[in-house]
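The numbers here are math on the coordinates, done by the rules we state, and not lab data. Owing to the predicted nature of the structure, the values given are computational and were not obtained by experimental measurement. Every residue, glycine as well, gets a Cβ built from its backbone with ideal geometry; the counts of neighbours run over all protein chains shown.
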2 protein chains.
Amino acid sequence: MKHNFNAGPSVLPKEVFEEASQAVLNFRDTGLSILEIGHRTPLFQSVMDETISLTNELMHLDSDHFVLFLHGGATTQFFQVPMNLLDENETAAYLDCGVWGTKAIKEARVFGEVTIVASSKDKNYSYIPKGYRIAADAKFFHYTSNNTIEGTEMFEIPITNLPLVADMSSDILSREMDFNRFALIYAGAQKNIGAAGANLVVVRRDILGKVNRRLPGMMDYRQHIEAGSMLNTPPVFSIYVCLLTLRWLKKQGGVPGIEKLNKAKADLLYKTLDSREGFEPTVAREDRSRMNVVFRIPEARLEKKFIDACEEQGMVGVKGHRSVGGFRISLYNAVAMESVKAISSLINDL
Amino acid sequence: MKHNFNAGPSVLPKEVFEEASQAVLNFRDTGLSILEIGHRTPLFQSVMDETISLTNELMHLDSDHFVLFLHGGATTQFFQVPMNLLDENETAAYLDCGVWGTKAIKEARVFGEVTIVASSKDKNYSYIPKGYRIAADAKFFHYTSNNTIEGTEMFEIPITNLPLVADMSSDILSREMDFNRFALIYAGAQKNIGAAGANLVVVRRDILGKVNRRLPGMMDYRQHIEAGSMLNTPPVFSIYVCLLTLRWLKKQGGVPGIEKLNKAKADLLYKTLDSREGFEPTVAREDRSRMNVVFRIPEARLEKKFIDACEEQGMVGVKGHRSVGGFRISLYNAVAMESVKAISSLINDL
């Protein structure tokens with residue numbers, strides 16, 4: 001048996017794999033594959049409708065917020081957000097907490113000005129800055145709620161009167177949050193929501209339509225809202241996998257249910273790492289991510305032993321991101337407690 | 001048994017469904033689903049590499065042309081093309097042959113000027129204009145090689161010194177063409193290439209980098225070339241389905257092999273429609289698409305008989321596009337001759 005700790009694309013519930021596999025052969029007893037059904041058929045319309053309504057339900061969204069499932073991943077949103085929200089002569093406030101935030105800032109600068117309100121670059125992004133001030137005249141405030149690569153997570157939603165925009169790619173639906181406080185949320189699907197190739201966007205209608213530039217249709221959130229995420233052929237299969245994953249999440253007690261499990265998983269693993277000599281978590285304690293546990297093993301012989309043991313015992317995806325090195329164990333929603341116990345035992349037994 | 005004539009997403013070879021379904025459970029005996037493997041692993045890198053090299057091989061591309069597999073569909077390319085190729089004060093030449101071309105023109109106008117060199121709008125896009133002149137000072141010439149909705153296909157590549165750009169979403173790899181004559185080709189995957197959510201772009205390197213505007217990273221073809229279509233997490237599963245479909249195509253004798261079959265399929269169906277009283281193909285004979293056969297049944301009783309018989313005999317997707325009505329039978333690469341014979345018999349026996 002494999003234990004998959006990939007950072008994304010990452011493990012999904014076993015029943016999702018089984019149902020998705022079946023749908024590729026024969027979708028809902030139609031005798032057709034999910035890959036060959038028209039997206040304008042009632043058959044797929046029902047998939048899209050349920051995916052959107054389940055997202056609404058699980059996030060407890062109010063009627064000002066619209067759920068979209070779009071092509072691409074968060075990297076597309078890095079530029080689509082400022083393209084829709086920021087004019088050339090305007091300034092957006094960004095928090096700089098890691099590789100992904102830095103990329104988002106770079107793309108925003110294509111469309112307008114960016115003020116970096118705070119950064120943790122001084123310590124290799126190993127903590128979340130606190131006590132910063134957000135300029136009141138910025139157009140919006142953007143942050144990354146969980147830094148997949150560096151292993152930090154921001155548990156407090158910042159207090160500001162500005163429209164809040166967040167990249168939640170790697171911790172969406174993993175813990176309770178007042179999602180209605182956000183003007184715009186985006187998240188690539190391939191971690192907690194479903195399969196790569198789809199992207200969730202939640203947007204409050206009133207922030208749209210305020211920039212002067214002309215938008216291509218596919219970049220205009222308003223057009224996607226009107227078209228119910230069907231402005232063009234959607235990534236059909238990826239969205240179906242999202243639906244299956246969201247249904248599974250609901251059965252786990254929704255977000256509160258999975259949060260309880262995610263806490264227990266992260267607590268166990270950090271406890272193991274803290275107590276095992278030679279293993280060094282790299283992140284400030286209060287900012288440790290529950291989704292991505294990042295650590296180093298400075299001693300080369302122990303490091304090799306760990307790598308070999310992982311290989312031997314079917315532990316997949318423990319290598320750190322190519323940009324930071326070390327190790328990373330990702331504990332997304334679908335990672336079972338059983339897998340966390342297995343790797344904790346492995347560490348203890350080394 | 002179902003006969004699927006969907007216009008897209010559309011039928012794929014049975015063996016593709018079977019292998020794709022298996023990969024969702026257990027990809028290449030790794031014990032992991034294709035949905036949970038990291039895109040930066042050698043495992044997925046080999047999928048991407050083979051997909052790109054097979055495309056190169058099947059299209060006989062020279063070394064100036066680069067193959068990209070991107071997120072989104074052709075609708076994204078409608079704006080990404082002019083964003084990369086057309087400055088505000090420049091003009092591009094477009095041929096207006098249907099709904100999709102019209103959408104492409106609209107998006108190009110967000111970025112620069114457009115001259116429509118010819119249009120078949122006067123007769124509901126039921127033919128392909130000929131004998132038009134393309135202004136020599138335009139930046140590029142854009143056309144749609146097959147009009148999915150209207151059922152026309154352009155069998156001649158226009159003669160021009162301008163860089164040629166074509167939307168080949170619905171006839172790519174269905175017939176031999178000198179693909180090297182094009183500066184840029186794009187095609188949504190969900191018809192002849194694979195599954196919805198991926199998009200093929202073939203681009204000649206030297207036409208890039210000539211506009212003044214700043215491009216977001218995800219919109220810059222040059223960055224995708226450098227990153228080998230892995231600038232961000234790609235639509236993993238959709239690309240894998242493309243790979244399986246391309247492998248199947250190669251086994252059919254590649255493009256020449258499938259073209260022979262596609263000709264025979266289209267010939268049989270048009271012959272059936274032409275000889276059967278009450279069925280009226282809507283397109284000028286010389287411009288009839290081999291991919292999308294569009295026709296009307298003016299007599300209401302006969303129309304109903306046809307619809308009922310299709311329903312009864314498992315013929316799926318014969319309804320015309322919502323914008324034009326009537327009927328459309330799509331005959332993409334993976335539609336078997338058996339299915340064409342079945343619907344021809346159905347028509348003859350009505």
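Karplus-derived 3J(HN,Hα) values for segment A:286-299, using 6.51 cos²θ - 1.76 cosθ + 1.60 with θ = phi - 60°, are 6, 10, 5, 6, 7, 9, 10, 9, 10, 7, 10, 10, x, 7 Hz; glycine and proline are entered as x. Mind checking segment A:241-350 for trypsin sites (Lys or Arg not before Pro) that DSSP puts in a loop (not H, G, I, E or B) and that have at most 14 other Cβ atoms within 10 Å? In loop regions of segment A:241-350 (DSSP not H, G, I, E or B), the sparsely surrounded trypsin sites (Lys or Arg not before Pro) are A:322. Between the beta carbons of residue A:18 and residue B:312, assuming R0 = 25 Å, the FRET efficiency works out to 0.15 to the nearest 0.05.
Loop-located GluC sites (Glu not before Pro) in segment B:249-305 (DSSP state other than H, G, I, E, B) with a sparse environment of at most 15 neighbouring Cβ atoms within 10 Å: B:277, B:299.
Neighbouring Cβ atoms from other chains, within 10 Å of the Cβ of residues in A:38-44, number 4 on average. Label points for residue B:223 are taken 7 Å from Cα along Cα→Cβ. From this copy to the others they lie 2.1 nm apart, shortest first. For chain A, modelled as a GNM whose springs connect Cα atoms under 10 angstrom apart, the maximal fluctuation among A:249, A:43, A:184 occurs at A:43.
Distant-in-sequence amide contacts of residue A:331, defined by a placed amide H-H separation under 5 Å and a gap of 5 or more residues or a different chain, comprise A:292, A:293. Shielding by partners for peptide B:110-116, expressed as the average number of C-beta atoms from other protein chains within 10 Å of each residue's C-beta, is 1.
Adding -39500 (n - 2.57) for every DSSP H run of four residues or longer, then dividing by how many residues the protein assembly as shown holds, sets the calculated 222 nm ellipticity at -11000 deg cm²/dmol. With contacts taken as Cα pairs under 8 Å and at least 6 residues apart, segment A:254-349 reaches a relative contact order of 33 percent. Along its first, second and third principal axes, ordered by size, chain B spans 58, 57, 31 Å in Cα coordinates. For the protein assembly as shown, the Cβ-based charge dipole about the Cα centre amounts to some 40 debye (Lys, Arg positive; Asp, Glu negative; other atoms uncharged).
Placing a label point 7 Å from the Cα of residue B:322 along the Cα-to-Cβ direction, the residues of segment A:58-102 whose backbone N falls under 19 Å of that point are A:67-71. Among beta bridges identified by DSSP and lying wholly in the protein assembly as shown, the antiparallel ones come to about 55 percent.
Entry for segment A:254-349 at q = 0.15, 0.18 Å⁻¹: log10 I(q)/I(0) = -0.56, -0.81, Debye formula applied to identical alpha-carbon scatterers, no solvent contribution. Per-residue mean of foreign Cβ neighbours for B:12-21 is 4 (Cβ atoms of other chains, 10 Å radius). Of the residues B:70, B:331, B:86, which exhibits the maximal mean-square fluctuation in a Gaussian network model of chain B defined by a 10 Å Cα contact cut-off? Looking only at B:70, B:331, B:86, the biggest GNM fluctuation is shown by B:86.
Using C-alpha pairs under 8 Å with a sequence gap of at least 6, the mean separation divided by the residue count of segment B:70-148 gives a relative contact order of 36 percent. Here the protein assembly as shown is described by how far its Cα atoms reach on the three principal axes: 83, 54, 50 Å, from widest to narrowest. Across the identical copies, the label point of residue A:137 (7 Å from Cα in the Cβ direction) is separated from its matches by 4.4 nm, in order from shortest. Relative contact order, whole percent, for chain A stands at 23, derived from Cα pairs under 8 Å and 6 or more residues apart. Looking at segment A:14-251, the DSSP beta bridges with both ends there are about 50 percent antiparallel. Protection proxy ranking, highest mean first, for peptides B:171-178, A:18-25: B:171-178, A:18-25, where packing is the per-residue count of other beta-carbon atoms within 10 Å, averaged. Taking label points 7 Å from Cα along the Cα-to-Cβ direction, residue A:2 and residue B:181 give a separation of 4.6 nm.
Per-residue 3J(HN,Hα) values for segment A:167-178, derived from phi via the Karplus relation 6.51 cos²θ - 1.76 cosθ + 1.60 with θ = phi - 60°, read 8, 10, 3, 10, 9, 4, 6, 9, 7, 5, 8, 7 Hz in sequence order (x marks Gly and Pro).
For residue B:62, the label point sits 7 Å beyond Cα toward Cβ; its separations from the matching points on the remaining copies run 6.2 nm, from shortest to longest.
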